[in-house]
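Notes follow the structure.
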Amino acid sequence: MRRVSTEPVSQKTLFDSVDDVMTRLTDVGYLPSTAVATTVFLADRLGKPLLVEGPAGVGKTELARAVADATGSGLVRLQCYEGIDEARALYEWNHAKQLLRITASQGESWDDTRDDVFSEEFLLPRPLLTAIRRTDPTVLLVDETDKADVEVEGLLLEVLGDFQVTVPEWGTITANQRPFTLLTSNATRELSEALKRRCLFLHLDFPDPDLERRIVLTRVPQLPEALAEELVRIVGVLRGIQLRKAPSVSETIDWGRTLLALGLDTLDDDTVRSTLGVVLKHQADAQKAVAELRLN
Amino acid sequence: MTPVVHGGLPAHLVDFVGALRRAGIAVGPGESVDAAAVVAELDLLQREQVREGLAAAMLRRSGQRAVFDALFDLWFPLGQGAALGEVALPYAEDGSVDVEALRDLLAGLLRDGDTAAMAELARAIVDGLGAVGRGQGQGGQGQGQGGGGGDRGQGGGGRPSTWSAYQALNAVRPETLLARVLADLRGGADADWDSPFAEEVSRRQVRDRISSFRRMVTDEARRRGAEIRGREAAARTGVPKQGDRVDFLTANSEQLADLRRRVAPLARHLASRLAARRRRARRGPIDLRRTLRRSMSTGGVPMRPAFRRPRPGRPELVLFCDVSGSVAGFSHFTMMLVQALREQFSRIRIFCFVDGCVEVTDLFGPNADLGGVMAEITARPGLIAFDGHSDYGSALGRFREGWPDVVGPRTSLLLLGDARTNYRDPNLTVLGELADQARHVHWLNPEPQAQWGTGDSAARSYGQVVPMHECRTAAQLAGVVSGLLPV
């Protein structure tokens, strides 16, 4: 059997201050709001996972990537989906390989075989275990947590609470450094109270116009500033209309890229009408916007 | 003045937690400890950081943010007294506030969308125009004052009894600036817009700014009022309700928009609840792939066969909605729920009734606009059979006669209405038959449970035949949905 590491989870902080978070995230091309910078700083300082909730396309996943880039950490990503289980999230024994090993070991004693079959070589680590065993600074991203079943939440509770994993054949593995953990959710399902309690909560909403304009300009640097401002203005108005899917930051950026690719530098009615499909993905939404904004 | 809590910051934090709990946000001791840890890490002079940090530690869902912000402003106020910034009110020569100059100033800010300056102006406006109960007109310019208002930086002839956002806004009337700001934006009163689209975009943008300015003034008046009345009193009356606790019947338009956002995911939950079969009720055929995979651990001998999981059922949903006058407020919610459900279920039939009954499934197409739908429903012939007063018994009877094969063993039937049947025969037999035939029947009633069975309500009798749920707020709807069998 393996030795069980009993070292306490140590934590080297990644950021010095909220302003430090601001500048370093900005340097890697992610412009954080005060809310984002503050919660990222706190999640790092308090060593708690950060649960980010909000509409699609406001940069939840991107935030994890930016934190990893800014701190030079490795990003380990667990994509949740309906029906994900321990074998996909934590670890799995490579049964086929184990069988081969057993058949190949004619004449070996049972103890040797057993110890060997449950060794590192036959373990298939999945994201959660990978993140816990890494010795380098790590950002663990649990994406779309709300898609996973309730059972997986129980698993996450154990892992995120103490940052340790129990492999029956080995004992308990404790992280020798706490990964910076970020969970995202689209709120299609209420996550359990127990999971929420272990996390800091950040509701990431559409940014204010000024921030959004700067985000668009960072992402699409060739875009003329006046055009970016106009884009953000129209998208802001579109968000005020009751639509099935309000346009998100990623849609604004896409729109900017589209205009650039088409070589357009002004937003007149024709341009808006012909490129509205980039921002509004539902036909019904587009029709409604055209009618309400008197585009026809 | 706000009393200082003894015990320093920890006690103040606990006090704040208490206020959040009274407002219906469940903040446990664990969250309080987190909040304290947050405060220890942050620079307390950075108010916005403290706000975001506390929100991160104490809140658990996004709908709580408005309540939190309002209470945060009361417990961690921007300052005491006027707390004026750089934007000052223009005064006329006689010492009163020059409203015209003020409106010019505001119009400029609205045009440029300068949020920070607008917030400062809102504070100044409440200070200069919002005081109730002290000498108006003179604007508090250098009057002799008693000991009472000595702590106020500027102005203050005697302490006002309260601060009124209504009075301040009435003097400024920001909404009447819309046309003027728009004229400014298009470059003069004579200039024309490039297109109707450009005009519409600008109009909506300015309108948004005006309403956000009104909100700033209201918030500021609440803050100043809290200094006089005490924040406990201000927290009781001035803090908005959480979205999911708003009564459907009394919701205003902003809350309705919020409700619509909440109802859509609930409909999805409801759909999956009704679709789910009881787990392990039936074992399917053997799943070969999973069985072989499992047999690996037993050396290739399939000891534990894995069965294919039963496919999720395709539920049929039949909605039976009261659209009579007595549930007019509720029917808006009904329509939202129906629309949301329409997107989730492939096989859905929608019926509306007053004393007659009509099928309106075709009106809820994917592109339906809720505003027009209601008018079209009421215009349908057959909806009103006799006198236009709701008659559940007759409507159920007509439903049974007109569409006898709609409710079958795979159908979930959802009834929405207050069960007030104007003292007519409730026709329990038909409902009983329907309940026997359908897989599930649930009744959502928008009336408080205490009123069921009073007056002409047949809710108690119906409630004995089918399960009836009180459903007045989004929170209650969520409760109903999560309580539905099978899990």
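Structure notes:
- Some residue of segment B:436-453 being under 20 Å from B:Q339 (Cα atoms) and among the β-branched types (V, I, T): yes
- Any helices (runs of 4 or more DSSP H) falling wholly within segment A:135-244 and containing at least 3 residues that are under 21 Å from the mean Cα position of the chain (by Cα) and within 12 Å of chain B (Cβ to nearest Cβ): A:193-197
- Qualifying residue in segment B:24-35 (condition: crowded, with 19+ Cβ neighbours inside 10 Å and facing chain A (nearest Cβ under 10 Å)): yes
- Residue count for segment A:271-296 satisfying the condition of being small (G, A, S), more than 11 Å from chain B (Cβ to nearest Cβ) and under 32 Å from the mean Cα position of the chain (by Cα): 1.
- Top-ranked residue in segment B:324-333 [being in contact with a Phe, Trp or Tyr (Cβ under 9 Å, 6 or more places away or on another chain) and buried (at least 23 other Cβ atoms within 10 Å of the Cβ); ranked as nearest to B:L396 (Cα to Cα)]: B:S324
Residue-by-condition table, conditions (1) crowded, with 20+ Cβ neighbours inside 10 Å; (2) acidic (D, E); (3) within 18 Å of A:P179 (Cα to Cα); (4) at the interface with chain B (Cβ under 10 Å from one of its Cβ atoms):
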residue: A:D16; (1), (2), (3), (4): no, yes, yes, no
residue: A:D19; (1), (2), (3), (4): no, yes, no, yes
residue: A:M22; (1), (2), (3), (4): yes, no, no, no
residue: A:D27; (1), (2), (3), (4): no, yes, no, no
residue: A:Y30; (1), (2), (3), (4): yes, no, no, no
residue: A:F41; (1), (2), (3), (4): yes, no, yes, yes
residue: A:A56; (1), (2), (3), (4): no, no, no, no
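- Residues (touching a residue at least 60 places away in the same chain (Cβ under 8 Å) and among the hydrophobic types (A, V, I, L, M, F, W, C)) located in segment B:397-449: B:F399, B:V406, B:V407, B:L413, B:L414, B:L415, B:L416, B:A438
- Filter result (at pLDDT 85 or above, touching a helix residue (DSSP H, G or I) at 6+ places or on another chain (Cβ under 7 Å) and of a type in the set (S, T, Y)) within segment B:184-232: B:S202, B:T218
- Here A:T188, A:T181 are screened, and the one residue that is modelled with pLDDT of 90 or more and not assigned by TED's automatic domain parsing to the domain that holds A:Q287 is A:T181.
- Criterion: more than 28 Å from A:T188 (Cα to Cα) and not in a helix (DSSP H, G or I) - qualifying residue of B:L45, B:L9: B:L45
- A:D115 being more than 14 Å from chain B (Cβ to nearest Cβ) and either more than 30 Å from A:E144 (Cβ to Cβ) or not in a loop (DSSP other than H, G, I, E, B) (or both): yes
- Residue within segment A:247-270 that is closer than 30 Å to A:K147 by Cα, at the interface with chain B (Cβ under 9 Å from one of its Cβ atoms), modelled with pLDDT under 85 and in a loop (DSSP other than H, G, I, E, B) present: no
- Counting only strands (runs of 3 or more DSSP E) that sit wholly inside segment A:15-100, not one has at least 3 residues that are closer than 24 Å to B:V38 by Cα, modelled with pLDDT under 90 and under 15 Å from the mean Cα position of the chain (by Cα).
- Matching option when the condition is surrounded by fewer than 19 Cβ atoms within 10 Å (Cβ to Cβ) and over 24 Å from A:G47 (Cα atoms), among A:D149, A:D162, A:D136: A:D149
- Subset of segment B:42-83 [more than 9 Å from chain A (Cβ to nearest Cβ), among the charged types (D, E, K, R) and buried (at least 18 other Cβ atoms within 10 Å of the Cβ)]: B:D73
- For segment B:38-61, the count of residues that are under 27 Å from B:A475 (Cα atoms) and in contact (Cβ under 8 Å) with a residue 40 or more places away in the chain is nonzero.
- Residue among B:A101, B:A88 that is farther than 29 Å from B:L9 by Cβ and modelled with pLDDT under 80: B:A88
- Selection from segment B:304-346 of residues that are among the charged types (D, E, K, R) and modelled with pLDDT of 75 or more: B:R304, B:R308, B:E316, B:D322, B:R342
- Check on A:L129, in contact (Cβ under 8 Å) with a residue 24 or more places away in the chain, crowded, with 18+ Cβ neighbours inside 10 Å, more than 14 Å from chain B (Cβ to nearest Cβ) and of a type in the set (A, V, I, L, M, F, W, C): yes
The values are calculated or read from the model by the stated rules, or taken from the named source; none is laboratory data. Keep in mind it's a predicted model, so treat the numbers as computed, not measured. Because the Cβ atoms are built from the backbone with ideal geometry, glycine has one as well, and the counts that use them run over all protein chains shown.
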